[in-house]
Amino acid sequence: MKIGVYVHIPFCVSKCSYCNFYSEVKPNLINDYVLCLVKEIKRECDKYKNYKVNSIFIGGGTPSILPSGCVSLIINTIKQNFCVLPDCEITIEANPNSINYTNANEWFNCGVNRVSVGVQTTSNRLLKLIGRAHTFKDFLLAINNLKKVGFKNINADLMIGLPRQKQGDVKNALKYCFSLGLTHISAYTLILEENTPLFNKVKNGELKLPKEEKVLGMFNYLLKQTKLKGFNRYEVSNFAKPGFECKHNENCWNMVEYVGFGCSAHSFVKNFRFGNISNIENYIKQINNNLSVLEFKDELTKEELIEETIMLNLRTIKGINLENLKQQFNYDLLKVKTNEINELLSYGLISINNNYLSATNEGFYVLNQIILKLV
Ligand SMILES: C[S@@+](CC[C@H](N)C(=O)[O-])C[C@H]1O[C@@H](n2cnc3c(N)ncnc32)[C@H](O)[C@@H]1O
Ligand code: SF4
């Protein structure tokens with residue numbers, strides 16, 4: 001059985017104005033935290049003896065700010081305590097201002113084979129506006145260092161729909177992603193998260209978000225350009241050169257089990273979803289006292305599993321494997337939702353081919369409505 005391993009690094013050098021992911025600016029806790037992570041991995045690994053690891057993802061927060069030796073320690077601990085497949089994808093999330101030749105070299109040498117760089121935009125004006133701690137030049141230097149040490153599989157996270165963002169900004173970001181030979185692009189439409197500084201600025205009128213048509217225009221531009229340059233859209237927000245689709249992402253959308261380590265990390269194992277506490281100090285205290293760090297653990301019912309499978313599968317280009325759904329859950333989607341499916345087919349929002357039901361390009365624009373109809 002396959003499993004993915006996720007490791008959460010909840011530290012950043014500063015908080016970006018739009019972000020509500022769990023991370024804190026507490027550099028003095030990093031070393032203790034990493035030691036606790038290693039303890040957690042070692043004490044939990046016995047539960048996963050029958051699994052083979054096909055993906056390891058060190059995410060954050062900002063894993064690239066870890067001090068020298070930490071990433072190798074984490075990867076080596078996983079390799080020593082899990083059965084890691086030889087072709088395992090090992091990704092690290094990194095921010096441009098904390099990638100240098102030395103840490104990139106350490107990652108490469110301990111087996112990291114994919115780097116996901118948080119570029120967001122190449123416009124210094126926008127980077128400053130959204131509180132990013134890096135500049136366009138940092139991005140160029142970072143990619144240069146990654147390539148110099150040998151990385152061949154590099155992703156750029158881009159954001160669409162930022163305040164004051166224009167199509168020219170997206171054009172420029174893509175120009176550099178293409179000319180630098182990146183293999184993967186994730187393009188996320190800005191979600192205005194409550195209780196973030198950006199949310200408050202938009203609420204009090206200090207900043208305006210671009211209109212929906214404008215955001216759509218920028219996204220359509222990105223769709224066209226990525227296609228022209230040989231990237232395949234394999235999920236709503238993800239584009240890859242052939243063979244560079246991200247296994248970590250594919251695991252999530254295909255309901256492959258995964259185990260998460262670290263503060264606020266989530267897991268999905270044997271139909272249970274569970275997650276660790278979201279407080280770094282408490283996490284360290286609990287681990288050092290050999291106590292549980294579990295915050296919640298829920299067993300999914302058969303209905304919930306079906307819903308999640310439909311929702312996650314629909315995000316992908318392939319879509320839902322109808323035969324799998326029948327075999328795994330004894331659930332015949334075509335029979336249960338005949339009217340809804342016929343309606344969606346007549347609008348051209350979904351298609352059915354070789355036992356897969358998937359959203360069409362038009363359908364991807366209204367994916368949430370399609371999901372609502374089908375679950
Ligand atoms: C959790 S972050 C971690 C990566 C790294 N810390 C960074 O920011 O570059 C992963 C990605 O999520 C995206 N993201 C974060 N907050 C978002 C939001 N409010 N709306 C849309 N995308 C967001 C960004 O593109 C970011 O690169
Ligand atoms: S660097 Fe990434 S995780 Fe950290 S605050 Fe910014 S968006 Fe959030």
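Note on the stretch 2-253: Kirkwood hydrodynamic radius from all Cα pairs is 19.0 Å, rounded to one decimal. Here's the picture: charge each Lys and Arg Cβ at +1 and each Asp and Glu Cβ at -1 in the chain, and of VAL71, ILE287, VAL256 the one pushed furthest to the positive end of that dipole is VAL71. For the stretch 47-85 versus the stretch 334-367, the inter-centroid distance based on Cα atoms is 39 Å. Would you mind working out the magnitude of the charge dipole of the stretch 174-266 relative to its Cα centre, with +1 at each Lys and Arg C-beta and -1 at each Asp and Glu C-beta, to the nearest 20 Debye? Computed about the Cα centre, the dipole is about 540 debye.
With the helix formula -39500 (n - 2.57) applied to DSSP H stretches of n ≥ 4, the chain reaches a computed 222 nm mean residue ellipticity of -12000 deg cm²/dmol. Between ILE185, ALA94, PHE199, the Cα set farthest toward the positive side of the dipole of the stretch 2-253 (charges on each charged residue's Cβ, about the Cα centre) is that of ILE185. Pairs exceeding 25 Å between alpha-carbon atoms, taken from LYS52/LYS297; LYS128/LYS208; LYS26/LYS152: LYS26/LYS152.
Per-residue 3J(HN,Hα) values for the stretch 118-131, derived from phi via the Karplus relation 6.51 cos²θ - 1.76 cosθ + 1.60 with θ = phi - 60°, read x, 7, 6, 7, 9, 8, 4, 4, 6, 4, 5, 4, 9, x Hz in sequence order (x marks Gly and Pro).
Of the cross-linked pairs LYS214/LYS247; LYS15/LYS175; LYS335/LYS373; LYS79/LYS247, those separated by over 20 Å at the C-alpha level are LYS214/LYS247; LYS15/LYS175.
Laboratory data are not the source of any read-out in this text; all were calculated from the coordinates shown. As the structure is a prediction and not an experimental result, all values here were calculated from the model. FYI the Cβ positions are ideal-geometry reconstructions off the backbone, even for glycines, and counts take in every protein chain you see.
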